[in-house]
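The values are calculated or read from the model by the stated rules, or taken from the named source; none is laboratory data. All of these numbers come straight from a predicted model, not from anything done at the bench. Neighbour counts are summed over all protein chains in view; Cβ atoms, including those assigned to glycine, are modelled from backbone coordinates with ideal geometry. The protein model used for the area step is the full one, side chains on, heavy atoms only, and it has no ligands, DNA or RNA in it. Shrake-Rupley method; radii C 1.70, N 1.55, O 1.52, S 1.80 Å.
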Amino acid sequence: MKVIHNVSDTQIYLRELRITSNKTIGFIPTMGALHDGHISLVEQSVKNNDITVVSVFVNPRQFNDKSDFENYPVNHQRDLDLLDKAGCNLVFLPSADDIYKNFVGFNMDFNGLDKIYEGEFRPGHFQGVVDIVYRLFEIVNPHKAYFGQKDFQQLAIIKLMTKLANFDIEIVSCPIVREKSGLAMSSRNLRLSQEQFKNAANIYKLLIVIANKLKVGDDTDKHCQYFIDEIEKISDMKAEYCVFCNPESLVSVKKINKNSEIIMCVAVWCGKIRLIDNIILVF
Ligand code: AMP
């Protein structure tokens with residue numbers, strides 16, 4: 001496995017593989033502190049492509065909360081060992097100065113998608129995500145890029161950006177990987193205390209309870225209120241939002257219709273750690 005830090009070396013190396021050697025390239029952007037969720041994306045890419053590239057970069061532009069950025073877990077050696085084992089071919093480990101040199105940002109019309117749900121509580125977050133993914137797509141120029149369904153809104157926005165920017169890249173959406181308890185894997189889980197880690201499993205448990213109760217004709221607000229109230233009963237936990245929406249357009253859904261696919265999305269504070277999760281429901 002090759003590790004490159006420099007932007008132009010990465011471009012030259014991958015251009016040669018893509019154009020001269022005719023290799024297909026799969027790409028997974030990450031912020032490191034890797035877990036089995038990230039590795040599942042890598043394994044998917046290894047299966048589908050000749051070459052798998054992973055970037056590890058904690059992107060300052062997408063943090064609306066300075067202390068979240070400063071406390072974001074970093075462990076490059078462990079990440080490199082995991083990626084090597086998973087069959088990754090190239091790790092791109094850039095510096096912020098190099099990656100953003102002469103790059104102002106990608107100006108796009110989010111059609112309001114950056115202001116709702118996650119966007120309402122994390123102002124500027126999605127512009128930061130779009131900036132880094134746009135820049136990484138320019139540098140890596142993959143055939144396919146892999147993203148987790150856990151970040152449902154990020155996925156919808158990246159699909160929109162790819163279309164608006166005319167990138168010829170297939171965006172592949174991958175299922176959420178969970179701990180044995182059901183808690184969605186996240187790099188931020190490393191910052192939970194033992195008790196918080198145990199309590200956080202209730203997020204998915206409640207999503208399942210609600211999924212089992214839901215039926216056609218139901219008013220979704222009622223189920224969201226139940227989620228919020230049940231989370232509030234757990235020590236040190238508070239729900240930030242709960243929403244049902246269309247998984248593609250992200251338009252909110254107030255009533256469950258027959259033959260519809262809906263995603264139920266939540267954000268929950270566990271002490272000072274903010275966790276998100278979701279579940280796709282088909283009626
Ligand atoms: P991050 O390092 O948090 O920016 O995540 C990098 C990629 O891994 C994103 O596409 C995430 O959606 C994806 N990801 C994070 N957690 C999980 C998980 N538990 N299961 C599947 N994919 C995940």
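Residue-wise test of (1) more than 22 Å from GLN44 (Cβ to Cβ); (2) open to solvent by 20 Å² or more (accessible area, probe 1.4 Å); (3) touching a His at 6+ places or on another chain (Cβ under 7 Å); (4) assigned by TED's automatic domain parsing to the domain that holds ASP168.
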| site | (1), (2), (3), (4) |
| --- | --- |
| GLY87 | no, yes, no, yes |
| VAL104 | yes, yes, no, yes |
| TYR117 | yes, yes, no, yes |
| ARG135 | yes, yes, no, yes |
| ILE139 | no, no, no, yes |
| ALA145 | no, no, no, yes |
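If a residue has to be open to solvent by 70 Å² or more (accessible area, probe 1.4 Å) and within 16 Å of the ligand (Cβ to nearest atom) to count, how many in the range 3-39 make the cut? Let's see the steps before the verdict.
So in the range 3-39, the residues open to solvent by 70 Å² or more (accessible area, probe 1.4 Å) come out as 5, 9, 12-13, 15-16, 19-20, 22-23, 36.
So of that shortlist, the ones also within 16 Å of the ligand (Cβ to nearest atom) come out as 36.
Final tally of qualifying residues: 1.
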**Study point:** Filtered residues of the range 44-73 (kept if more than 11 Å from the ligand (Cβ to nearest atom), open to solvent by 60 Å² or more (accessible area, probe 1.4 Å) and either farther than 23 Å from GLU118 by Cβ or small (Gly, Ala, Ser) (or both))
**Key:** LYS47, ASN48, ASP50
Check your understanding: What about LEU82, is it within 15 Å of the ligand (Cβ to nearest atom), open to solvent by 30 Å² or more (accessible area, probe 1.4 Å) and in contact (Cβ under 8 Å) with a residue 40 or more places away in the chain?
Key -> yes
Check your understanding: Which numbered condition trips up LYS215, out of (1) under 30 Å from HIS76 (Cα atoms); (2) out of contact with any His (no Cβ under 8 Å at 6 or more places or on another chain); (3) open to solvent by 50 Å² or more (accessible area, probe 1.4 Å); (4) in contact (Cβ under 8 Å) with a residue 12 or more places away in the chain?
Key -> (1)
Exercise for review: State whether the residues of the range 92-101 include one that is open to solvent by less than 20 Å² (accessible area, probe 1.4 Å), away from the ligand (no atom under 11 Å from the Cβ), over 22 Å from ILE273 (Cβ atoms) and out of contact with any strand residue (DSSP E or B) (no Cβ under 6 Å at 6 or more places or on another chain).
Suggested key: yes
Point to revise | Total residues in the range 184-226, condition closer than 23 Å to ASN246 by Cα, not basic (Lys, Arg) and not in a helix (DSSP H, G or I) | key: 6
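Sort out which residues of the range 204-262 are of a type in the set (Ser, Thr, Tyr) and more than 30 Å from GLN194 (Cβ to Cβ), and write them in order of number. Walk me through it before giving the result.
As a first pass, look at the range 204-262 and keep what is of a type in the set (Ser, Thr, Tyr): 204, 220, 226, 235, 241, 249, 252, 260.
THR220, SER249, SER252, SER260 - these are the residues of the range 204-262 that are of a type in the set (Ser, Thr, Tyr) and more than 30 Å from GLN194 (Cβ to Cβ).
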